[in-house]
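Engineer: Could you have a look at this structure, given as structure tokens, before my questions?
Bear in mind that the values in this text are calculations on the coordinates, not laboratory data. Please read these numbers as outputs of a predicted model, since none were measured by experiment. Positions of Cβ are backbone-derived with ideal geometry, glycine not excepted, and every protein chain shown enters the neighbour counts.
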Amino acid sequence: MMDEVTYKAVNRARVSLTHGEKTFVVFSETKLLHYSGKHRVEPFLDAIENNPSMLEGAIIGDRIVGRAAALLCVYSKVKAVFAISISDEAIGILDKHNILATWQDTVPYIVEKDLSSRYRLDVHLKDIEDPKQAFIMIKKYEAGRHEEFE
């Protein structure tokens, strides 16, 4: 159950993502702390690396939440998540870790931007349950060290 203050912050995240160019937002219970227009998990990684304490207990909004983003939510100890689209797997991860989640649309899995296949990062993380291990793998993946995953 979501308290009224969290509900209002989640609603602010929803409005921020659905009106404008923002793809990722971080709210405290009362104000906007951070936002980005970057894509994939890059804005989430930036937030973790630049101000990890900001995320603990925060409410985030992300346009697309799959396995990778869900594991980053667990790693960074966010309180709640709003997603425009969220995968069934991400819902399960967030629920397992008692992170509140709301969304506009669910999908069986996240696909690549060109719609040709499943989102590769989520595929590479398919057997990863440990959030810290996932964070390390996501950083390496995003840094271009794909050979570890091929």
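Engineer: Pairs K38/K139; K79/K126; K79/K140: which are spaced more than 20 Å apart, C-alpha to C-alpha?
Structural biologist: K79/K126; K79/K140
Engineer: Restricting to Cα pairs below 8 Å that are 6+ residues apart, what does the relative contact order work out to for region 33-129? Please round to a whole percent.
Structural biologist: Relative contact order here is 23 percent.
Engineer: Work out the length of the dipole vector of region 3-150 about its Cα centre, built from +1 on the beta-carbon of each Lys and Arg and -1 on the beta-carbon of each Asp and Glu, and round it to the nearest 20 debye.
Structural biologist: Values: 20 positive and 23 negative charges, 72 e Å.
In debye, rounded to 20, region 3-150 gives about 340.
Engineer: What is the calculated FRET efficiency for L32 to Q104, with r their C-beta to C-beta distance and R₀ = 22 Å, to the nearest 0.05?
Structural biologist: Values: r = 20 Å, r/R0 = 0.90.
That gives a FRET efficiency of 0.65.
Engineer: Let me ask something additional. If you take the alpha carbon radius of gyration of the chain and divide it by 2.2 N^0.38 Å, what ratio comes out, to two decimals?
Structural biologist: Numbers: Rg = 14.2 Å, N = 150, 2.2 N^0.38 = 14.8 Å.
Rounded to two decimals, the normalised Rg is 0.96.
Engineer: When DSSP assigns beta bridges and you keep just the ones with both residues in region 4-145, what percent turn out antiparallel, to the nearest 5?
Structural biologist: Numbers: 9 of 22 bridges.
Antiparallel: roughly 40 percent of the beta bridges in region 4-145.
Engineer: Give me a comma-separated list of calculated 3J(HN,Hα) values for region 99-107, in order, Karplus coefficients 6.51, -1.76, 1.60 applied at θ = phi - 60°, integers in Hz, x for any Gly or Pro.
Structural biologist: Per residue, the Karplus-derived 3J(HN,Hα) values read 9, 5, 9, 10, 7, 9, 8, 10, 9 Hz.
Engineer: Which aspartates and glutamates have a Cα lying under 14 Å from the Cα of K22, excluding residues fewer than 8 positions away in the same chain?
Structural biologist: Cα-Cα hits under 14 Å: E42, D62.
Engineer: When the chain is treated as a GNM, springs tying every alpha-carbon pair under 10 Å, which of S28, S85, S53 comes out with the largest mean-square fluctuation?
Structural biologist: It is S53.
Engineer: Also, I was wondering about something else. Fully extended, how many nm does the chain gain between E49 and R120 (0.36 nm per residue separation, minus their Cα-Cα distance)? Kindly include the intermediate steps, with their values, before the conclusion.
Structural biologist: Working: separation 71, 0.36 × 71 = 25.56 nm, distance 2.22 nm.
In short, 23.3 nm is gained.
Engineer: Rounded to two decimals, what is Rg over Rh for region 37-82 when you use alpha-carbon atoms and the Kirkwood radius?
Structural biologist: Values: Rg = 9.4 Å, Rh = 10.4 Å.
Expressed as Rg/Rh, it is 0.90.
Engineer: Turning to a different aspect of this structure: In whole Hz, with x marking every Gly and Pro, tabulate ³J(HN,Hα) for region 131-141 from phi via Karplus 6.51 cos²θ - 1.76 cosθ + 1.60, θ = phi - 60°.
Structural biologist: After applying 6.51 cos²θ - 1.76 cosθ + 1.60, I find x, 5, 4, 4, 4, 4, 5, 5, 4, 5, 4 Hz.
Engineer: Can you give me the long-range amide H partners of V107? Hydrogens built in the peptide plane at 1.01 Å from N, cutoff under 5 Å, separation of 5 or more residues or another chain.
Structural biologist: I86, S87, D88
Engineer: Residues with amide H under 5 Å of G57's amide H, sequence separation 5 or more or different chain, H placed in the peptide plane at 1.01 Å from N; which?
Structural biologist: Hits under the 5 Å cutoff: V78, K79.
Engineer: Now a separate question. Give me a comma-separated list of calculated 3J(HN,Hα) values for region 24-29, in order, Karplus coefficients 6.51, -1.76, 1.60 applied at θ = phi - 60°, integers in Hz, x for any Gly or Pro.
Structural biologist: Values per residue, Gly and Pro as x: 8, 9, 10, 10, 7, 5 Hz.
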